[in-house]
Amino acid sequence: MIDFKNGTFVKLKATGGFKNQEIVEPLFVQGEEFISEYQGIRDFVIFTNKRVIATNVQGLTGKKKDYTSMPYSKITVFSVETAGVLDLDSELEMYFSGVGKVKFEFSGKSDIVKIGQLISEYALK
């Protein structure tokens, strides 16, 4: 599992599609649908209608990957911070029962409000 206490997924940018579909889709359960994807240099985060899947690409070749699945049903609290004038990055913090805080930083072009609405829709059911 990704150690979220000692790291943050940073500078995530919208991929404009499902670029890592071949890698992640085999992990989907019946009825699970892709919503959006954000990628850093090598790591990426997928939002589906059931969970957030954070993928940590490891090793020199990138063949080794760590997938951390975080169901919306386990979110106890979450926070969205929008970009400002000088600080162009936005942030998403989610607290999961049994895991603690998970933090993602998005580039200024990411629609953090839409991400917050997505989490609200599925976490508040």
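Laboratory data are not the source of any read-out in this text; all were calculated from the coordinates shown. In this text, all values refer to a predicted model and were calculated from it rather than measured experimentally. We place every Cβ from the backbone using ideal geometry, glycine too, and count neighbours over all the protein chains shown.
Nearest 20 debye, what's the magnitude of the dipole of the chain about its Cα centre given +1 on Lys and Arg Cβ and -1 on Asp and Glu Cβ? The partial results should precede the final answer.
On the way: 16 positive and 16 negative charges, 60 e Å.
Charge dipole, the chain, about its Cα centre: 280 debye, nearest 20.
Long-range amide H contacts for SER36: which residues qualify at under 5 Å (H placed 1.01 Å from N, peptide plane, sequence gap of 5 or more or a different chain)?
Under 5 Å from the amide H of SER36: PHE47.
Given a cut-off of 19 Å, name the pairs among LYS19/LYS63; LYS65/LYS101; LYS50/LYS125; LYS63/LYS103; LYS74/LYS125 whose C-alpha atoms lie farther apart than that in the structure shown.
Values: LYS19/LYS63 16 Å; LYS65/LYS101 21 Å; LYS50/LYS125 11 Å; LYS63/LYS103 24 Å; LYS74/LYS125 11 Å.
Violating the 19 Å limit, Cα to Cα: LYS65/LYS101; LYS63/LYS103.
Using θ = phi - 60° and the Karplus relation 6.51 cos²θ - 1.76 cosθ + 1.60, list the HN-Hα couplings for the range 38-47 in order, rounded to whole Hz, with x at every Gly or Pro.
10, 10, x, 5, 10, 7, 8, 10, 10, 9
Ordered by residue, what ³J(HN,Hα) values in Hz, to whole numbers, does the range 114-125 give under the Karplus form 6.51 cos²θ - 1.76 cosθ + 1.60, where θ = phi - 60° and Gly and Pro are x?
4, 5, x, 5, 4, 5, 4, 4, 8, 7, 9, 6
So how far apart, in nm, are the two label points at LYS11 and LYS63 if each is 7 Å from Cα heading toward Cβ?
The two pseudo-label positions are separated by 2.7 nm.
Order the peptides 45-54, 95-104, 80-89 from the highest to the lowest mean number of other Cβ atoms within 10 Å of their residues.
Working: 45-54: 21.2, 95-104: 15.0, 80-89: 12.2.
Taking the mean over residues of other Cβ atoms within 10 Å, the ranking is 45-54, 95-104, 80-89.
Using DSSP to call loops (not H, G, I, E or B), can you name the GluC sites (Glu not before Pro) in the range 3-72 whose Cβ has at most 12 other Cβ atoms within 10 angstrom?
Numbers: sites: GLU22, GLU32, GLU33, GLU37; in loops: GLU32, GLU33.
Answer in residue order: GLU33.
Kindly write out, for the range 26-33 in residue order, the coupling ³J(HN,Hα) from the Karplus curve 6.51 cos²θ - 1.76 cosθ + 1.60 (θ = phi - 60°), rounded to whole Hz, with x marking Gly and Pro.
x, 7, 5, 9, 4, x, 7, 10
For the chain, max minus min Cα coordinate along each principal axis, in Å, sorted largest first?
The Cα atoms of the chain stretch 38, 34, 29 Å along their principal axes.
What fraction of the DSSP beta bridges in the chain is antiparallel, stated in percent and rounded to the nearest 5? All intermediate terms of the calculation are to be shown ahead of the outcome.
Numbers: 32 of 34 bridges.
Within the chain, antiparallel bridges account for around 95 percent of the total.
For the chain, what does the relative contact order come out to in percent, with C-alpha contacts under 8 Å and a separation of six or more? Mind showing how you got there, number by number?
Details: 221 pairs, mean separation 29.3, N = 125.
RCO, the chain: 23 percent.
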